[in-house]
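Enquirer: So that we are looking at the same thing, I have put the structure below in structure tokens.
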Amino acid sequence: MNFSLEKSDPHCAARAGSFTTAHGSVLTPIFMPVGTQGTVKGIFHRDLTQDIHAQIILGNTYHLYLRPGLDILRRAGGLHGFSGWQGPLLTDSGGFQVFSLAACRKLTAEGCRFASHIDGSKHLFTPANVIDTQRIIGADIMMAFDECPPSTAPYDYASRSLDLTLSWLDRCMEQYARTECPYGYHQALFPIVQGSVFEDLRRRSARAVVEYDACGYAIGGLAVGEPADVMYSMIEVCNDILPTSRPRYLMGVGTPINILEAIERGVDMFDCVMPSRNGRNGMLFTWQGVINIRNAKWADDFSVLDPSGSSFVDTAYTKAYVRHLNICGEMLAAEICTMHNLAFYLNLVTTAREHIINGDFKVWKDEMVVQLARRL
RNA sequence: GCCUUGUUAGCUCAGCUGGUUAGAGCACCUGACUGUUAAUCAGGGGGUCCUAGGUUCAAGUCCUUGACAAGGCG
């Protein structure tokens, strides 16, 4: 995997670039739709590629390990063969699940013992077996196994958590070095910077991960409850240290405004459940602001969903109709709203990329963050 | 015509022997959602307890009258 910079913004840290994987290349900045269980919920691959113009999607080690399980995935030729998705694929390591399933887990130096949320069965994730699992899934980009502490974690906890994550990273890297992709192509492994909201921990973490000279680096543990400006300053702290010659991936972020602010600070890759989950819950992101399509005010609004939208759904359906579908709980509502939001997010980063290349990103971005904050 | 049962929120219904400010589900309105355990979750508005009398310190609850509904008997 190689990353090349096409243009760096002279006024800020924003940059436009691209990287290649065995399953295709990706233009950055990029947003990666989340497909936790091997599917971007409710969306066909055809629409993902041809309508939304997704270039790379996510899968999740935790979920795919539990179902369908490694035996099926191996025999299917990995998630590509299993799901039919032929584009680039990134898998999260399950580190976030260690955080979000905190109620039923036990952290040790060895790894994390947890009970399946499906049937309660007991399992152990270790840095090494998480790499093995991602090898079997066949992800083009694998993620290191980390712990994601809550934003409310005190300094001591965050510091010890970082130590644990760094020791796990070392073992992830060892396992990465001694194994190969079972399907014969190259798989990258991204370390993850942690350190919660503490600048010195973030610096320590960033300096440590850079030592591994990885294909790319992720910033994790943000957008977990801390104020947005704290997140932005943490991104700056990390990106001051992470090399400009590698893609930087801000994990789990975020709102359209979060994404523009992070692009300005030199982030290249994003993923977030927000466009898909919030879409299923009736929230639509547009250039003019946010719409709750379930609100009564849209009941007799027969204008198209989003005249400036880039998906076919934006002009194929009216607001009143999409509200009706939402109110009735029709599955098409979730599909239309997810399509719209993902297309918007992809359009957002594509447009940002164009402005970076044109050299007017900063001006454009400052206008956008005002518009995007509005509620319609 | 007689008998029985019923009438409580927009809908379907809980409310034990009378006792704080009459509840639920759904519907409606609004909000939340950031490396998905989420087509989810939270909050809010909404009542002449069928009518009219009566008993009682106190009635959705007991008694009487009428209206309406369902079922049964003629």
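Enquirer: Only Cα pairs within less than 10 Å get springs; with that Gaussian network setup on chain A, which residue of A:T21, A:T49, A:T108 has the largest fluctuation?
Expert: Taking springs between Cα atoms under 10 Å, the residue moving most is A:T108.
Enquirer: Starting from the Kirkwood Rh over alpha-carbon pairs, what translational D in µm² s⁻¹ does chain A have by Stokes-Einstein at 4 °C and 1.567 mPa s? Walk me through the intermediate numbers first.
Expert: Values: Rh = 21.1 Å.
Estimated diffusion coefficient is 62 µm²/s.
Enquirer: Relative contact order of the range A:1-119: what whole-number percent is it, with Cα pairs under 8 angstrom and at least 6 residues apart?
Expert: Worked out over the range A:1-119, it gives 19 percent.
Enquirer: For chain A, which whole-number percentage of the solvent-accessible area (1.4 Å probe, protein heavy atoms only) is attributable to carbon and sulfur atoms? Each step should come with its number before you reach the end.
Expert: On the way: 7830 of 14780 Å².
Here carbon and sulfur together make up 53 percent of the probe-accessible area.
Enquirer: Given 0.36 nm per residue, what is the gain on full extension from A:E110 to A:T49 after removing their alpha carbon distance, in nm?
Expert: 18.0 nm
Enquirer: May I ask for the percentage of alpha-carbon pairs in the range A:204-330 that lie more than 23 Å from each other?
Expert: Here the tail beyond 23 Å accounts for 46 percent of pairs.
Enquirer: Can you tell me how the range A:317-376 classifies by the Cα gyration tensor, rounded, prolate or oblate, using a/c under 1.5 as the rounded cut?
Expert: prolate
Enquirer: Further, regarding this structure: How would the range A:97-137 be classified by its alpha-carbon gyration tensor: rounded, prolate or oblate, with rounded meaning a/c under 1.5 and the a/b versus b/c comparison settling the rest?
Expert: Judged from the Cα gyration tensor, the range A:97-137 comes out oblate (a/c at least 1.5, b/c at or above a/b).
Enquirer: Hey, what did chain A get for relative contact order, percent, Cα under 8 Å, at least 6 apart?
Expert: Contact order relative to length: 18 percent.
Enquirer: State the Cα centre-to-centre distance between the range A:36-106 and the range A:289-342 in whole Å.
Expert: 27
Enquirer: Rounded to the nearest 500, what is the 222 nm mean residue ellipticity of chain A from helices alone, with -39500 (n - 2.57) per DSSP H run of 4+ residues and division by all residues? Kindly include the intermediate steps, with their values, before the conclusion.
Expert: On the way: 14 runs with 155 residues, N = 376.
So the helix-based figure for chain A works out to -12500 deg cm²/dmol.
Enquirer: While we're here: Would you work out the charge dipole size for the range A:1-111 about its Cα centre, treating the Cβ of every Lys and Arg as +1 and the Cβ of every Asp and Glu as -1, and quote it to the nearest 20 debye?
Expert: Result for the range A:1-111 is approximately 280 debye, rounded to the nearest 20.
Enquirer: Can you give the Kirkwood hydrodynamic radius for the range A:1-93, in Å, rounded to one decimal and based on Cα pairs?
Expert: 14.4
Enquirer: Please compute the contact order of the range A:99-141 in relative form: average sequence separation of alpha-carbon pairs under 8 Å and at least six residues apart, divided by the residue count, as a percent.
Expert: In percent, rounded to a whole number, it is 23.
Enquirer: Would you please give the FRET efficiency between A:H117 and A:N281, computed as 1/(1 + (r/R0)^6) with r the Cβ-Cβ distance and R0 = 30 Å, to the nearest 0.05?
Expert: Computed FRET efficiency for A:H117 and A:N281 comes out at 0.90.
Enquirer: Now for a different question. Out of residues 5 or more away from A:G42 or on other chains, whose amide H comes under 5 Å of its own, with H placed 1.01 Å from N in the peptide plane?
Expert: none
Enquirer: While we're here: Would you please classify the overall shape of the range A:268-376 from the alpha carbon gyration tensor, given that a ≥ b ≥ c denote the square roots of the eigenvalues, rounded means a/c under 1.5, and beyond that prolate means a/b larger than b/c while oblate covers the rest? Kindly include the intermediate steps, with their values, before the conclusion.
Expert: Values: a/c = 2.23, a/b = 1.86, b/c = 1.20.
Prolate shape, in that a/c is at least 1.5 and a/b is the bigger ratio.
Enquirer: Give the residues of the range A:136-176 whose amide nitrogen is closer than 16 Å to a point set 7 Å from the Cα of A:L101 in the direction of its Cβ.
Expert: Counting only backbone N, you get A:145-148.
Enquirer: Over the Cα atoms, compute the radius of gyration (one decimal) and Dmax (the largest Cα-Cα distance, rounded to a whole number) for the range A:73-157, in Å.
Expert: 14.6, 45
Enquirer: Figure the gain on full extension for A:E199 and A:V290 (residue separation times 0.36 nm, minus the Cα-Cα span) and round it to one decimal in nm.
Expert: Stretched out fully, the A:E199 to A:V290 stretch lengthens by 29.5 nm.
Enquirer: If the chain between A:E367 and A:T20 were fully stretched, how many nm would it gain, using 0.36 nm times the residue separation less the Cα-Cα distance?
Expert: 121.7 nm
Enquirer: Hey, another quick one. Per residue, how much accessible area does the range A:62-112 show when a 1.4 Å probe rolls over the protein heavy atoms, in square angstrom? Write down the numbers at each step before the final one.
Expert: Working: 2220 Å² over 51 residues.
Dividing the accessible area of the range A:62-112 by its residue count gives 44 Å².
Enquirer: Using a Gaussian network model of chain A with C-alpha springs under 10 Å, which one of A:A139, A:A158, A:A299 is most mobile by mean-square fluctuation?
Expert: It is A:A299.
Enquirer: Hey, what does the equivalent ellipsoid look like for the range A:46-118, semi-axes from the Cα gyration tensor as sqrt of 5 times each eigenvalue, largest first, whole Å?
Expert: Details: eigenvalues 155, 45, 19 Å².
In descending order the semi-axes read 28, 15, 10 Å.
The values are calculated or read from the model by the stated rules, or taken from the named source; none is laboratory data. Keep in mind that what you see is a predicted model, and the values were worked out from it rather than measured. Don't worry about glycine lacking a Cβ; one is built from the backbone with ideal geometry, like all the others, and counts go over all protein chains shown. Each accessible area value is taken on the protein alone, full model and side chains, heavy atoms only, with ligands, DNA and RNA left out. Shrake-Rupley method; radii C 1.70, N 1.55, O 1.52, S 1.80 Å.
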